[in-house]
Every structure is written in structure tokens, then in C-alpha cells.
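Enquirer: Quick one: this structure, given as C-alpha cells, is what I'll be asking you about.
The values are calculated or read from the model by the stated rules, or taken from the named source; none is laboratory data. Note that the coordinates shown come from a computational prediction; the quantities given were computed from them, not determined experimentally. Note that each Cβ is placed from the backbone with ideal geometry, even for glycine, and that neighbours are counted across all protein chains shown.
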Amino acid sequence: MTGVTAEAAAKAAGLSAEELAGLEDSGKSARKPDYRTLAALVGLNGAKLETLSAGWLPAPTDLGTWRELRQITTTRGGNTVHCYLIWDEVTREAALFDTGFEAEAVFKVLEENGAELKHLFITHSHHDHIEGLPAIKERFPTLRIHTDTKGAPPQHRNRRNDCVHLGSLRITNRETPGHAEDGVTYLIGNWPDDAAHVAVVGDAIFAGSMGGAKEHGELAKAKVREQILVLPPATLICSGHGPLTTVAQEKASNPFF
């Protein structure tokens, strides 16, 4: 994302190229790297990178605060991806955010909770986030799809002023390209008991990291700062990979910001 060669990064870290490669693969190194010099070279925050390398993880999240929210995880070929299902507690109308690799787990949660899927919101069109789409469309042919994909039919394209009502819940969208050209974040508010907003971000940001953006790294970082990290500190960040986190924790600990 920065154009820095592996050799230059290894030199800054005080490691050999082989040691740096081992560190990237395993997260471990026989010698302590010079994280602050490395961070300065590649445009990261040195203190946060040191904290991350020491094993930082976000505090565990109790999803019971959001009673009608489920994280659904599927895995294929060593790649684990999350999608998210919400529903209104009264109407039982549901919305899915991405599909993951398979649809069966989504169908199971819907059936267990007596919910009817009405909307599918796509954070970006990389294959691991939409593999379950054909099966979901077959089961719910009148499903309304929301996406920033340029080639999508006009009725499925997000507009920046959209506000979708799902019973009492409110869903808006924020443009977050960089990792993917069609990257978009969905913000869910008006939860029962005044629970904090939920931001479903796809791969725009992860706990302690962000989605790869080799050609558009600065754009990706700028959009995360402008569209996600400006949200209230308690906002729950639901990423496509890795643990749940919050805006407050990422502002404090993510070395990319």
C-alpha cells in the first residue's frame, strides 16, 4: 500500500528479509523488531503498532445489547468471513448484510427467530462476501438488494440520502471505497433500549488493521477517517473478518489511524 520494498522494511525493522517474512506469516520473531522505525517508514503509528504486536485485541463484545443482531460466520479454503443479520423485534422484518460463503446458516437463524428477509445490503462485491447470493435470491425472489456496484440495476444502487426503515430500525449508508471500488458502510440506528449504533463496514477497517488497498491506500484510509471514525465512540464496528470492535477502540489502538 506504501510502495516500500520488503528489503527496505526489513532494514527499518532491524531484521533480515527472511526474518521479516517469518514475522508477517506468524506474527512472531526471534529478535524484537524496531516497530517504531518500521512504522515511520510505512506510514503507521509506531506506538499503536508496538501495542498491537504485543497481542492487543478489542474488548469482548456482548451482542446481547443488540438483541436482534447476529454475526454469522462461514469458512472456505482457510478464509473465514462474517455476514450480519438484523430484524425488527415487532414486525420480524429482517435485513442481511453480505452473505458469506453459504446461505444455509442465514436461513437457520431466520427460521429460529421467525424473521422474514426483506433486504440484502452488500458492503462490496468481493466473492467471499456474496457467494451465498444466488441461494438467497432463490429463496427470497422479491428481496430488495442494496449495493454501490456500478453495474447494478438503478433500483438496487444506493443513494447517499437513503434511509431504509426496518420496523423501528433505521439504515443509512456511507461511501467507503478503497479496498474495493464499490465499498460502502451501512449504519444501523434506533435500536431498542438506546443501544449504540452499529456500523457494518465490510473490509474497510478491521480490529487493529484495515482491508488491503494496494492501489488506493490513501483513499481507503481517508474514507475510514471521514466516514467511520467520526461516528460516536460507542459505535459497534462489524467487519467482514476478525473480531467485533468499536470506534473508540480503533481510534485508540489501530496503527493505520
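Enquirer: Can you say whether Lys48 is assigned to a loop (DSSP other than H, G, I, E, B), out of contact with any Phe, Trp or Tyr (no Cβ under 8 Å at 6 or more places or on another chain) and outside the structural domain of Pro141 (by TED's automatic domain parsing), as far as the supplied structure shows?
Expert: In short, no.
Enquirer: Further, regarding this structure: List the number of the failed condition for Trp191; all other conditions in (1) over 30 Å from Arg76 (Cβ atoms); (2) buried (at least 21 other Cβ atoms within 10 Å of the Cβ); (3) under 15 Å from the mean Cα position of the chain (by Cα) hold.
Expert: (3)
To keep it simple, each residue is scored yes or no on (1) part of a helix (DSSP H, G or I); (2) closer than 18 Å to Asp98 by Cα; (3) of a type outside the set (D, E, K, R).
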{"site": "His146", "(1), (2), (3)": "no, yes, yes"}
{"site": "Lys150", "(1), (2), (3)": "no, yes, no"}
{"site": "Asn161", "(1), (2), (3)": "no, no, yes"}
{"site": "Ala180", "(1), (2), (3)": "no, yes, yes"}
{"site": "Asp193", "(1), (2), (3)": "yes, no, no"}
{"site": "Val201", "(1), (2), (3)": "no, yes, yes"}
{"site": "Ile237", "(1), (2), (3)": "no, yes, yes"}
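Enquirer: Then there is this: Could you go through the stretch 77-89 and let me know if any residue there is surrounded by 13 or more Cβ atoms within 10 Å (Cβ to Cβ), of a type in the set (D, E, K, R) and not in a helix (DSSP H, G or I).
Expert: yes
Enquirer: Next up: Restricting attention to the stretch 184-200, does a residue exist that is modelled with pLDDT of 95 or more, over 21 Å from Thr147 (Cα atoms), in contact with a strand residue (DSSP E or B) (Cβ under 9 Å, 6 or more places away or on another chain) and aromatic (Phe, Trp, Tyr)?
Expert: Looking for residues that are modelled with pLDDT of 95 or more, over 21 Å from Thr147 (Cα atoms), in contact with a strand residue (DSSP E or B) (Cβ under 9 Å, 6 or more places away or on another chain) and aromatic (Phe, Trp, Tyr), one finds at least one in the stretch 184-200, hence yes.
Enquirer: Out of everything in the stretch 66-76 that is in a strand (DSSP E or B) and basic (Lys, Arg), what residue ends up being surrounded by the fewest Cβ atoms within 10 Å (Cβ to Cβ)?
Expert: The extreme case among them is Arg76.
Enquirer: Looking at Leu20, Leu38, which one is free of Cβ contacts under 8 Å to residues at least 24 places away in the same chain and buried (at least 17 other Cβ atoms within 10 Å of the Cβ)?
Expert: Leu20
Enquirer: Name the residue that is nearest to Glu68 (Cα to Cα), counting only residues in the stretch 111-124 that are surrounded by fewer than 20 Cβ atoms within 10 Å (Cβ to Cβ) and in contact (Cβ under 8 Å) with a residue 24 or more places away in the chain.
Expert: Asn113
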